[in-house]
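S.K.: Have a look at the structure that comes next, please.
The values are calculated or read from the model by the stated rules, or taken from the named source; none is laboratory data. Please read these numbers as outputs of a predicted model, since none were measured by experiment. No Cβ is skipped: glycine too gets one built from the backbone with ideal geometry, and neighbour counts run over all protein chains shown. Remember, those area values only see protein heavy atoms, side chains included, never the ligands or the DNA or RNA. Shrake-Rupley method; radii C 1.70, N 1.55, O 1.52, S 1.80 Å.
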Amino acid sequence: MSAPAQTSGPKSSAEAGRTIDKPRGRLAKAWAGVAAELQFWRNIFYDARRFRKHSWMRKVQTEESRSARIMADAHFLEYGMALRAARPGFGLVRAERLAGDLLDGGAKAAASEIGLRVLEKWAAFNAEAAVPAAVSHALQRVRIPMGSLSGGVETVTREAIQADAQLDFVRFVKARHSIRAFAPGSVSKDVIERAVAAAQQAPSSCNRQTCRAHIWTDPDMIEAVRKHQAGNRTFGHELAGIAVVTSDLRHWEHIGERYQAWVDGGLFAMTLAYALHAEGLGTCMLNWSVTREVDSGLRRAIGLGDEHLIIVLLGFGHLPESLSVCRSQRQPVETALSVNQPLAS
């Protein structure tokens, strides 16, 4: 016997793990609209509050923020030296701020080492110009254990770049599918480390390198993480690993960067997916377009601090001998391309 039809109130059904509410009746629709509006602003405030709290809009207060500023200022000096018409004397304010941060300490060792390397190269580049006293002072006083990290500029050739880039990339990307059927087997830590090292090569704003891949390969841990994402419910039990890609809000400076975490995070996540694909694994992006309640739930489950923005989840595992994948092709290239569109007058 079928259930009686509802004449008022919401009617819910689930599609791909998402609940779809269908309010019936004028009053129910009105209340649904008010509730949706309140939910919208609550979620906007959830994101805005966290960016305001953790970014360094007013003052650098954490090791992560100071490290990010060191990396950003060092990158500014680097790209200035890399310009075709580079001339001594540029970037004085940035160099002085970088010198001050290095003297103050309180940053990650890797960022400090890279920053000092760049400052040394910048001072040498400006040897014939006036090097600020603050920079000279920092170069004399800062003592950082030096490892193998580098900074500054280097000369490369077109031949070398093109030789290392020999790849039918279109064929490579067309061979990657969103996989929803996996073969049994674990993925080694070496494979994961290679993939994440490749993802680190993705562009990041001012080379701040804000992203991190939190990865679990233990079956019980995978289960505990994946249950917070509805879209994998039909195949997630077959995953050999799951990644939560995040960006650290403490790396961002001003209101103009309020969306930059998503940009850097998307670049990092896609590069990670391609890197796992290059290792012969199957991957599936697991969408993280969720409410603040769901976001907070996963954050609590994995012990993720409030300062980390979750960008996307990524499931991966071994490919079976054969499998079915979605066939719909991409739309014609003109739907994604605009060349020399007339500018607004």
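S.K.: Is the stretch 212-227 home to any residue that is modelled with pLDDT of 95 or more, among the hydroxyl-bearing types (Ser, Thr, Tyr) and either open to solvent by less than 50 Å² (accessible area, probe 1.4 Å) or part of a helix (DSSP H, G or I) (or both)?
M.R.: No, that holds for no residue.
S.K.: With the stretch 128-202 as the region, which helices (runs of 4 or more DSSP H) entirely inside it contain at least 3 residues that are within 29 Å of the chain's Cα centre (by Cα) and more than 22 Å from TYR79 (Cβ to Cβ)?
M.R.: In the stretch 128-202, 169-174, 189-199 are the helices (runs of 4 or more DSSP H) which contain 3 or more residues that are within 29 Å of the chain's Cα centre (by Cα) and more than 22 Å from TYR79 (Cβ to Cβ).
S.K.: In the set ILE70, ILE44, which member is open to solvent by 50 Å² or more (accessible area, probe 1.4 Å), among the aliphatic types (A, V, I, L, M) and in a helix (DSSP H, G or I)?
M.R.: Selected residue: ILE44, the only one of ILE70, ILE44 that is open to solvent by 50 Å² or more (accessible area, probe 1.4 Å), among the aliphatic types (A, V, I, L, M) and in a helix (DSSP H, G or I).
S.K.: ARG208 passes all but one of (1) open to solvent by 40 Å² or more (accessible area, probe 1.4 Å); (2) among the charged types (D, E, K, R); (3) out of contact with any Leu (no Cβ under 8 Å at 6 or more places or on another chain); which number fails?
M.R.: The single condition ARG208 does not satisfy is (1).
S.K.: For ALA127, only one of the following conditions fails: (1) small (Gly, Ala, Ser); (2) open to solvent by 70 Å² or more (accessible area, probe 1.4 Å); (3) closer than 19 Å to THR62 by Cβ. What is its number?
M.R.: Of (1) small (Gly, Ala, Ser); (2) open to solvent by 70 Å² or more (accessible area, probe 1.4 Å); (3) closer than 19 Å to THR62 by Cβ, only one is false for ALA127: (3).
S.K.: Only one residue in ALA183, ALA163, ALA224 is in contact (Cβ under 8 Å) with a residue 60 or more places away in the chain, over 24 Å from GLU321 (Cα atoms) and among the hydrophobic types (A, V, I, L, M, F, W, C), so which one is that?
M.R.: ALA224
S.K.: Restricting to the stretch 227-255, name every residue that is within 20 Å of PRO320 (Cα to Cα) and touching a strand residue (DSSP E or B) at 6+ places or on another chain (Cβ under 7 Å).
M.R.: Within the stretch 227-255, ASN232, GLY236, GLU238, LEU239, ALA240, GLY241, ILE242 qualify.
S.K.: Now for a different question. Restricting to the stretch 257-281, count the residues that are open to solvent by 50 Å² or more (accessible area, probe 1.4 Å) and closer than 25 Å to ALA181 by Cβ.
M.R.: 4
S.K.: Can you go through GLY317, GLY297, GLY266, GLY305 and tell me which one is part of a strand (DSSP E or B), out of contact with any Cys (no Cβ under 8 Å at 6 or more places or on another chain) and either of a type outside the set (A, V, I, L, M) or modelled with pLDDT of 95 or more (or both)?
M.R.: Answer to the check: GLY317.
S.K.: Suppose the filter is more than 30 Å from ASP295 (Cα to Cα), modelled with pLDDT under 95, acidic (Asp, Glu) and touching a Lys or Arg at 6+ places or on another chain (Cβ under 9 Å); does ASP73 pass it?
M.R.: no
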